[in-house]
Structure formats: structure tokens, C-alpha cells
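The structure appears right after this line, and notes come after that.
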Amino acid sequence: MNKRNIRAAVASVFVGALLVGAIAGPAHARTDIKVGVIAISSMGAVQYAQDTGIFKKNSLNVSEFVTFPAPPPGLAALNSGAVQFMYSPSIPVINSIANGGMKLRIVAAADGYRKTDIKEALVDDAFAGRLDDTGVCIAKNGAVKTWKDLAGKTVSVPARGAQGEVTIAAAVKKAGGDPKTINWVVLGFPEVQAAVTRGTIAAGFVVEPFTTACATAEAALKGPGTQFFTEGGAVGVWVTTEKFAKANPAAVKAFQSSIYAANKAGMDSKTLNAVVRASMKITKQTFAVAKSANPTFYPSNVLTAEIQSVADKMQSLGFLTKKFSARGLILSR
């Protein structure tokens, strides 16, 4: 082969390679995302997905977990584009959409309750206490003994209008008290127990691992979540903005797949301890504390009926001024 033919052949191979590359695109291109979390035990699954490479396997690069003191500021950060996915109970999500004007979509289930367990919890207070990862920290020898006793008292929640306030209000009303007389103050989970001990507050809403820690050191009213979320299923969810979902459908699908794979690991006895250990990176608790907390139930889906039930109860309690429709809120898998 002469030099002219050699040069032509090399050029042909080079051009062909370029064309193949242009058609196929980068083989391992990943979408960079930031994920908003709060320091509670159920964050074990999302950290497990990061630690074991589940996100990378689904072509997602989680560059950072951003920890927020409560879901509402995290949802505000999500709305501004500071994070692309955020954990939140359904109550703040509904509140942010209905009262805050945010355009959000539910991507996947994060935590919750089995429907069969909820039925048992409604008739067995002791079981409800073991099942519910939320609670209200109270002084061991204080004036608060029942839900009704919270009326007229100072009670802390991590954010106004979110899960703590709504579920406590519902429990107080059910017990015959007036939740409108409660003096609500905002306080982070790690500060609640000390504030109760000092007498700064009469009670404070907490989530695991802080629920068990408070019940051990002081006392706790248990089961506000199991009384409220009577549909069972997903309570906490992963959300994104409508804008991001429309612009990045593949990334949303990848996040869904990653979360549900990690949720499955959280429900498998063989990988449960690894998920619990993963939660420690976010909660900063010891393994003994994390393991002693009420175990997280990681759902395999989230249903419209579960979200609609929450919205209807929020309206009946006065947290929503008009009917809220959950139809179309959950992104399909």
C-alpha cells in the first residue's frame, strides 16, 4: 500500500471513530446532583445508596448531601435550585405547594408505616410507641402526662406548619384539648431534650434517634404519627421541582431506581445493619443509639390515596384553606 492509500485509510478510520462517538455519546456520562437531607435515622437508605455505588450504577453523581435543620428550609433550597432532590414528610410538601406556591413533584417513598402495623397501633398504645419513629419529649416528673395536657403549653417543633405541629395538633384535638392554645416555638431535634429538662419548653417534637434518647433520659408521648397517618404507606418522600423533572427525566428515573434499591436493602435482614451504619454519617449518632431506635420502614412505593388522606386531614385542622388534590403529584416509575 502506498503512502497516499495509507493516509486515506487512517483518515477513514479516524472519521469513522468520530462518527461512532458522536452517535453513541459518552458511555459513562453521569448527572451531577445535590441531595437535601435532615439528620434522622431514615436517611440511612440514601447514604447506603451513596456508599455502595447504587447512585453511580444508575449514572448519578451525588456530589453532596446537604443537611437541613428541618424539611421546610430544605424545600426552599430545592425550589431555588440549591439541591435537586429533597427529603420531606408529605405534610411540608403539601403545605409548600398549597400555601407556598411551589411546583413540586414526589419522586419516591422515603419512610413510613406498614398498613397492617398501623391497624394494630391504633388499638395498642405500646405497639404504637415501638412502631412510631416520632414522639413528643416531656419531662419525667412534669405537668404534661397526656396529649390533652399540651393545650396551653409551650411546645417546640422543628418548623411551623410541618409534620410535628400538624400531628400534635391532631392528637391534642382527638384527646379533647384545643391545639389553638398551644404556644409553638421552633427548635431543632438535638436541642429538645435539654430544653425540656431545663423547663424552657413543656414538650418538644422529636424523630428517631432522638425519640428513644428522650424517652430514656426523660419521658415521651408516643405515637403522634401512627394516629395521624392512618392510611399507612409512605410518610416521608423524596421530592424534586416540576422544572427539574421536566428537564431531566432520565435523572429522575435514575434517582427513583436508586432509592427503591436502597429501600429494599433497608428491609433486608442481611443488609439492615449496613443501612443503620450508613445513617450514622448523617445523624452523627453511635451504632448503639442508631440500632436501639425504632426501626425505619422503607416503603416500595407511594400512593396518591396516602397523600390525599394527609391533605384532607390538614384541611380539617385548618392548615389548608381549600381542597387540595394529590392527583398528578407523584411521578410514575
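Of all aspartates and glutamates in the structure, the ones whose alpha carbon falls short of 14 Å from that of K322, not counting any fewer than 8 places away in one chain, are D312. Neighbours of P209 by Cβ distance under 12 Å: Lys/Arg scored +1, Asp/Glu scored -1, total 0.
Within the shell of other residues whose beta carbon sits under 13 angstrom from the beta carbon of A278, the net charge comes to +3, with Lys and Arg scored +1 and Asp and Glu -1. Given the pairs K115/K323; K264/K323; K148/K313; K56/K264; K246/K323, which span a C-alpha to C-alpha distance of over 28 angstrom in this model? Correct reply: K264/K323. Counted over the chain, the DSSP beta bridges are approximately 55% antiparallel. For K140 and N61, a Förster radius of 41 Å and the Cβ-Cβ distance give a FRET efficiency of 0.30, rounded to the nearest 0.05.
Seen through its C-alpha gyration tensor, with square-root eigenvalues sorted a ≥ b ≥ c, region 93-188 comes out oblate because a/c lies at 1.5 or above while a/b is not bigger than b/c.
Rg/Rh for region 227-319 stands at 1.03; both radii use Cα atoms, and Rh follows the Kirkwood definition. Taking 7 Å steps out from each Cα toward its Cβ at A247 and A274 produces label points 3.5 nm apart.
Expressed as a whole percent, the accessible area of the chain that falls on carbon and sulfur atoms is 55 (1.4 Å probe). Taking amide H positions as modeled 1.01 Å from N, with prolines and chain starts lacking one, the residues under 5 Å from G36 and 5 or more places away or on another chain are V66, Q84, F85, M86, Y87. On a per residue basis, the chain carries 46 Å² of accessible surface, using protein heavy atoms and a 1.4 Å probe.
Rank by packing, highest mean first: peptides 178-191, 69-82, with packing defined as the count of other Cβ atoms within 10 Å averaged across residues. Please report the intermediate quantities before stating the final value.
On the way: 178-191: 16.2, 69-82: 19.0.
Ranked from most to least packed, the peptides come out as 69-82, 178-191.
Peptides 221-230, 31-40 ranked from most to least packed give 221-230, 31-40, packing being the mean of other C-beta atoms within 10 angstrom over each peptide's residues. Pairwise Cα separations in the chain fall into 10 Å bins from 0 onward with the following percentages, short to long: 6, 25, 32, 20, 7, 4, 3, 2, 1, 0. Taking label positions 7 Å along the Cα-Cβ direction at both T286 and A76, the computed distance is 3.6 nm, reported to one decimal.
For T321, project a label point 7 Å along Cα to C-beta. Then give me every residue of region 150-177 with its amide nitrogen under 18 Å of that point. Counting only backbone N, you get 161-162. For the set L320, L131, the ranking by accessible area, highest first and with no ligand, DNA or RNA atoms included, is L131, L320 under a 1.4 Å probe.
The values are calculated or read from the model by the stated rules, or taken from the named source; none is laboratory data. Bear in mind the structure is a predicted one, so any value in this text is a computation, not a measurement. With ideal geometry, Cβ positions are generated from the backbone for all residues, glycine too; neighbour counts draw on all protein chains shown. These accessible areas exclude ligands, DNA and RNA; they are computed on the full protein's heavy atoms, side chains included. Shrake-Rupley method; radii C 1.70, N 1.55, O 1.52, S 1.80 Å.
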